[in-house]
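I have placed the structure first, in the form of C-alpha cells, so that the comments after it can refer back to it.
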Amino acid sequence: MTDIIQCVGCGSIIQTTDPEQAGYLPASALEKSLEKGTLYCQRCFKLRHYNQLQDLTISDDVFLDKLSEIAEDKAFVICMIDIFDVEGSLIHGLPRFIGNQPFIVFVNKMDLLPKSTNQKRVKQWIQRLLKDNGLYPNDIILGSASKNNTLADLREIIEKEARNSNIYIVGVTNVGKSTLINHLIEYYGGDKEVITTSNHPGTTLDMIKVPVNDKYAIIDTPGVIHRTQLTLHLNREELKMVLPNKMIKPTTFQLNPDQTIFIGGIGRVDFIKGEKTSFTFYVSNNLYLHRTKTERATTFYDDHIGELLQPPFKENLESFGDLSARTIKLSANQDIAISGLGWFTVNHDVEVVLWIPKGVGVSIRDSII
Ligand code: GDP
C-alpha cells in the first residue's frame, strides 16, 4: 500500500496528475519536497510565497460530507462565528453534522469592535441568536484568534473539557479557523504557521489533523462556503478593502429622507421614509462612505463606480454586475447586517431601500452594540 501524503498547508491529499484538482504538485517538486521534509501542494506554495490563489473545483457536498465524519469520532467541537458577519457565519445545520457531540461557540475577531463595546451584552446577544437557531452550546467564548492574549479562556476550556477527545474546529470559510489552529499549535509547542491562512474563501480543503499529545489532536475542518458571503463576489485585492483588519471606527450621519449613503461601490442606502435620523455604519475603515441626494444617486453611481466608489475596481466592473434593491422597514435601535460588509444602525423607525450585489445575505436584528 502506498502512503497517503497530505499537504501541510491545506490538508489535501497530494497528487501529481491533475493541476485543476486539489493537492496537485508536479512530480519533480514532490521529489524535492520529500527530501526537504515539508510538503505543500502547488496551490499552498503559491499562496504562501507569491500570494496567488488558484481556483479549484470542489463541490459543497464534499465539504459537508467531510464534516459528518465528526459524529463518528470521540469529539469536542469548537464552532467559530465571525463577529463581523455573525449571521453569515452561523452554521444552521450544525447538529446534523456533529450529532450529539459537545460543542462550544468561539466568537472570533472581537478585536474589530470598538473599544467601548459591552462584551457581556454581545455574549447575551449571541446566546439569543443561537437559541433562536436551535443551537445550545456548552459555552460561548469571545476572543480573537489573531491575538494570543485573548485566548486564555478558550485554552482553559480545551484543557478542562476536551480531555481525551479530538478537538474539531468548524466554521464557514474566512471565520479564522486556520489562524486559531496555528495559535493553538504554537502554544502547544508545534511549528509556527503550518496551516495556510488567507482572506480568500476555501483555503482549507480537507481535514488537517495536528496531534497535540498522545491522547488527542486538533483538527482543522474544511470551511463550509456560504453562498451569501460577499467574499464570493470580490477578488482578493477588493476583499482587502472590505474585510477590516483593524478596530472599526463607526461613522455616523444625521440623515433626512431623500438622502443616500454609498458604501464604497458595493452598497447603497436610500433613506426614503422617517424623521431626521442618525445612521451609524460599522464597516471597514478602508471603505469610503459618500452622502448624496437620492434623486442624484443613480447618476452619481454610474459616473463614479470603480473609481471614487470602490470596490469593485474598474477592471472588474463587468463581472461585478448591477446592485439589486429591496425596501426594508427598520425600527429604532435595529441593525441591517450585510454579510461580509458590516452593518448599520438607526435611532428612529425608518424605511430604506438597500442596494447590494444579488444573493448577498441581509439580516435585520436588534443592534449588537
Ligand atoms: P479560515 O478560512 O476559517 O481558515 O480563516 P483564516 O484563518 O484563513 O482567516 C481568514 C481571514 O481572517 C484572514 O485574513 C485572517 O488574518 C483574518 N483573521 C483571523 N482571525 C482574526 C482575528 O481574530 N481578528 C482579525 N481582525 N482578523 C482575523
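The values are calculated or read from the model by the stated rules, or taken from the named source; none is laboratory data. Nothing here was measured: the structure is a model prediction, and the numbers come from that model. Neighbour counts are summed over all protein chains in view; Cβ atoms, including those assigned to glycine, are modelled from backbone coordinates with ideal geometry. Ligands, DNA and RNA are excluded from the accessible area calculation, which covers all protein heavy atoms including side chains. Shrake-Rupley method; radii C 1.70, N 1.55, O 1.52, S 1.80 Å.
Does G267 qualify as being on the phi > 0 side of the Ramachandran plot and either outside the structural domain of P357 (by TED's automatic domain parsing) or not β-branched (V, I, T) (or both)? No: the conditions fail for G267.
Does L142 meet the test of being modelled with pLDDT of 90 or more and either touching a strand residue (DSSP E or B) at 6+ places or on another chain (Cβ under 9 Å) or not assigned by TED's automatic domain parsing to the domain that holds G340 (or both)? Answer is yes for this residue.
For the stretch 146-181, the candidate set comprises residues that are over 24 Å from K74 (Cβ atoms) and assigned to a helix (DSSP H, G or I); within that set, the residue that is nearest to the ligand (Cβ to nearest atom) is T179. Scanning the stretch 5-27 for residues that are open to solvent by 80 Å² or more (accessible area, probe 1.4 Å) and over 18 Å from T221 (Cα atoms) returns T17, E20. Look at the stretch 109-137: where a residue is basic (K, R) and a partner is assigned to a helix (DSSP H, G or I), sitting 6+ places away or on another chain with Cβ atoms under 6 Å, you get K109/I83; K109/F84. For the stretch 90-111, a residue qualifies if it is open to solvent by less than 10 Å² (accessible area, probe 1.4 Å), within 16 Å of the ligand (Cβ to nearest atom) and at pLDDT 90 or above, and the qualifying residues are V105, F106, V107, N108. Any residue that is within 16 Å of the ligand (Cβ to nearest atom) and either assigned by TED's automatic domain parsing to the domain that holds V175 or out of contact with any helix residue (DSSP H, G or I) (no Cβ under 6 Å at 6 or more places or on another chain) (or both) - is there at least one of those in the stretch 122-134? Checking the stretch 122-134: at least one residue is within 16 Å of the ligand (Cβ to nearest atom) and either assigned by TED's automatic domain parsing to the domain that holds V175 or out of contact with any helix residue (DSSP H, G or I) (no Cβ under 6 Å at 6 or more places or on another chain) (or both).
Annotation: R291 fulfils all but one of (1) in a strand (DSSP E or B); (2) open to solvent by less than 50 Å² (accessible area, probe 1.4 Å); the unmet one is (2). Within the stretch 301-312, the set of residues being within 18 Å of I356 (Cβ to Cβ) and either among the small types (G, A, S) or open to solvent by 40 Å² or more (accessible area, probe 1.4 Å) (or both) comprises D302, H304, G306, Q310.
Quick check on the stretch 325-334. Is at least one of its residues among the charged types (D, E, K, R) and within 25 Å of K293 (Cβ to Cβ)?
yes
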